[in-house]
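Since the structure comes first, as structure tokens, the remarks are kept for the end.
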Amino acid sequence: MSRYNLKAIAQIEHGGFWIRVLATLIDLALLLLPMTAVGVLVDAQRSRVLEGAVIYGVWAAYCIMFWSAPWHGTPGKRICGLTILASDGADLSLGRAVLRYVGLIVSGAVILGPVLVAFTDRRQGLHDLIAGTVVLKRSALAKAAI
């Protein structure tokens, strides 16, 4: 069930490309120390594949957990005043968050996937289109509450 009427939100209130880049950089900075520690511990075992898998798994868990949590986004998105919802205004389920993450992998593989944010009406990257999600400015939600 939708908690927000997204038709009431103007395009200007969607999270744009550069603010989303900043949010991702903040998230990477927040995870730098724990991921470095994991990398050092795993490197002691001399397994680059295991090191990569663990670091990748930590990033995936971090994103999926926060996207589907009541915060509706990672700490970086929160700091930047952004929130992630389903395109119909509903909260993200765990399944939709996983789909968004899989879409993020596909989006990154295509390289231009994230760049779509700068050119689509609702500022959606390929991963958002795949998962049916939108990134909004939190300030817009007060205007869209049902």
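The values are calculated or read from the model by the stated rules, or taken from the named source; none is laboratory data. All values derive from a computational prediction rather than experimental measurement. Neighbour counts run over all protein chains shown; Cβ positions are idealised from the backbone, glycine included.
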Filtering region 86-101 down to residues that are assigned to a helix (DSSP H, G or I) and either on the phi > 0 side of the Ramachandran plot or surrounded by 14 or more Cβ atoms within 10 Å (Cβ to Cβ) (or both) yields 96, 97, 98, 99, 100, 101
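Condition first: closer than 20 Å to residue 80 by Cα and in contact with a Ser or Thr (Cβ under 9 Å, 6 or more places away or on another chain). Now tell me which residues in region 124-143 satisfy that.
Here is the first cut: in region 124-143, the residues closer than 20 Å to residue 80 by Cα are 124-125, 127-128, 133-143.
If the condition is that a residue be closer than 20 Å to residue 80 by Cα and in contact with a Ser or Thr (Cβ under 9 Å, 6 or more places away or on another chain), then 124, 125, 127, 128, 133, 134, 135, 136, 137, 138, 140, 141 are the ones that fit.
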Over region 75-104, the set of residues farther than 18 Å from residue 123 by Cα and of a type in the set (Val, Ile, Thr) is 79, 98, 102
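For residue 70, state whether it is closer than 26 Å to residue 135 by Cα, modelled with pLDDT of 90 or more and surrounded by 14 or more Cβ atoms within 10 Å (Cβ to Cβ).
Values: closer than 26 Å to residue 135 by Cα: yes; modelled with pLDDT of 90 or more: yes; surrounded by 14 or more Cβ atoms within 10 Å (Cβ to Cβ): no.
For residue 70, the condition - closer than 26 Å to residue 135 by Cα, modelled with pLDDT of 90 or more and surrounded by 14 or more Cβ atoms within 10 Å (Cβ to Cβ) - is not met.
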Residue 23 meets each of (1) within 21 Å of residue 121 (Cβ to Cβ); (2) at pLDDT below 75; (3) of a type in the set (Gly, Ala, Ser); (4) in a helix (DSSP H, G or I) with one exception, condition (2)
When region 124-138 is checked residue by residue, the ones that are outside any helix (DSSP H, G or I), over 12 Å from the mean Cα position of the chain (by Cα) and on the phi < 0 side of the Ramachandran plot are 137
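Please work out if residue 78 is among the basic types (Lys, Arg) and under 19 Å from residue 25 (Cβ atoms).
On the way: among the basic types (Lys, Arg): yes; under 19 Å from residue 25 (Cβ atoms): yes.
Yes; evaluated as a whole, the condition is true for this residue.
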- prompt: For region 4-11, does any single residue satisfy the condition of being modelled with pLDDT under 80, of a type in the set (A, V, I, L, M) and in a helix (DSSP H, G or I)?
  reply: yes
Result of the Cβ filter at 8 Å on region 104-123, keeping first residues that are more than 18 Å from residue 15 (Cα to Cα) and assigned to a helix (DSSP H, G or I) and partners that are at pLDDT 85 or above and of a type in the set (A, V, I, L, M, F, W, C), at least 6 apart or interchain, is 106/126; 106/130; 110/126
Across region 76-97, the tally of residues that are in contact with a helix residue (DSSP H, G or I) (Cβ under 6 Å, 6 or more places away or on another chain) and under 15 Å from residue 62 (Cα atoms) stands at 6
Here the residues within region 121-146 that are at pLDDT 90 or above, surrounded by fewer than 21 Cβ atoms within 10 Å (Cβ to Cβ) and farther than 18 Å from residue 66 by Cα are 129, 130
